[in-house]
Amino acid sequence: MHQVLLSLGANLGNPIATLHHAIQCISQQVLTNVRVSEFYETAPVGVTDQPAFINVAVVGMSVANPREIRDACKSIEDQLGRQHRERWHEREIDIDVILVGDCIYDEDDVHIPHLRMHERRFVLLPACDLIPEAVCPRIQKNLAQLLEECEDGVSQPKRVASSE
């Protein structure tokens, strides 16, 4: 069993409702013993002429390998109507696999731990709600340390009510 950390974000439609639906799918199809962070509103990165994102972290357990977890998350994105657009653009739903235990997995387009997790306050802040002591095996620092050192230049995410 691996502890798995996922980062979810959405900024189209009803992001909070979509995130709740995604979390339900994750708990049914991907992870057991799911715990969910606070929800955060975050300014977009890259393409800034779009709505703010709502971000949340999910942690749970899985026996699946990193690729299987990533593929299951992409399947949930498809189920929830994600349209594929250029990088940094708006999204109906985005589910990124951040950590899978102490695994380092780099194959084709799958990189776990996520290659830019340490540069993204919108990933680290919700993750620290759940598992601040978890160590990124790629960087050899825990999430709380990475958050403290993070200089992503984006405004501080702010907590938002997570009711649908």
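Structural remarks
- Number of positions in the stretch 59-90 that are under 16 Å from the mean Cα position of the chain (by Cα), over 16 Å from Ser7 (Cβ atoms) and of a type in the set (A, V, I, L, M, F, W, C): 1
- Test result for Lys158, surrounded by fewer than 17 Cβ atoms within 10 Å (Cβ to Cβ) and farther than 28 Å from Gly13 by Cβ: no
- Residue within the stretch 117-126 that is modelled with pLDDT of 95 or more and in a loop (DSSP other than H, G, I, E, B) present: no
- Any hit, the stretch 3-25, residues being touching a residue at least 60 places away in the same chain (Cβ under 8 Å), in contact with a strand residue (DSSP E or B) (Cβ under 7 Å, 6 or more places away or on another chain) and assigned to a loop (DSSP other than H, G, I, E, B): yes
- Some residue of the stretch 127-139 being touching a Ser or Thr at 6+ places or on another chain (Cβ under 6 Å), more than 14 Å from Leu6 (Cβ to Cβ) and either in contact (Cβ under 8 Å) with a residue 40 or more places away in the chain or surrounded by 17 or more Cβ atoms within 10 Å (Cβ to Cβ) (or both): no
- Any hit, the stretch 49-59, residues being of a type in the set (Phe, Trp, Tyr) and not in a loop (DSSP other than H, G, I, E, B): yes
- Positions within the stretch 41-86 being at pLDDT below 95 and among the β-branched types (Val, Ile, Thr), in sequence order: Thr42, Val45, Val47, Thr48
- Considering the stretch 41-61, the residues that are under 24 Å from Val110 (Cβ atoms) and in contact with a Ser or Thr (Cβ under 7 Å, 6 or more places away or on another chain) include one that is surrounded by the most Cβ atoms within 10 Å (Cβ to Cβ), namely Asn55.
- When residues of the stretch 88-114 are limited to those that are in contact with a Leu (Cβ under 9 Å, 6 or more places away or on another chain) and β-branched (Val, Ile, Thr), the one nearest to Leu12 (Cα to Cα): Ile93
- Check on Leu99, in contact (Cβ under 8 Å) with a residue 24 or more places away in the chain, in contact with a Pro (Cβ under 6 Å, 6 or more places away or on another chain) and among the aliphatic types (A, V, I, L, M): yes
- Some residue of the stretch 12-26 being in contact with a His (Cβ under 7 Å, 6 or more places away or on another chain), closer than 20 Å to Ser162 by Cβ, surrounded by 13 or more Cβ atoms within 10 Å (Cβ to Cβ) and at pLDDT 95 or above: no
- Output for the stretch 116-126, where each listed residue is buried (at least 21 other Cβ atoms within 10 Å of the Cβ) and out of contact with any Cys (no Cβ under 8 Å at 6 or more places or on another chain): Phe122, Val123, Leu125, Pro126
- Filter result for Asn33 (touching a strand residue (DSSP E or B) at 6+ places or on another chain (Cβ under 8 Å), more than 24 Å from Lys158 (Cβ to Cβ), loosely packed, with under 13 Cβ neighbours inside 10 Å and free of Cβ contacts under 8 Å to residues at least 60 places away in the same chain): yes
The values are calculated or read from the model by the stated rules, or taken from the named source; none is laboratory data. Just so you know, these numbers come straight off a predicted model, no measurement behind them. Heads up, the Cβs are rebuilt from the backbone with ideal geometry, glycines too, and the neighbour counts pull from every protein chain shown.
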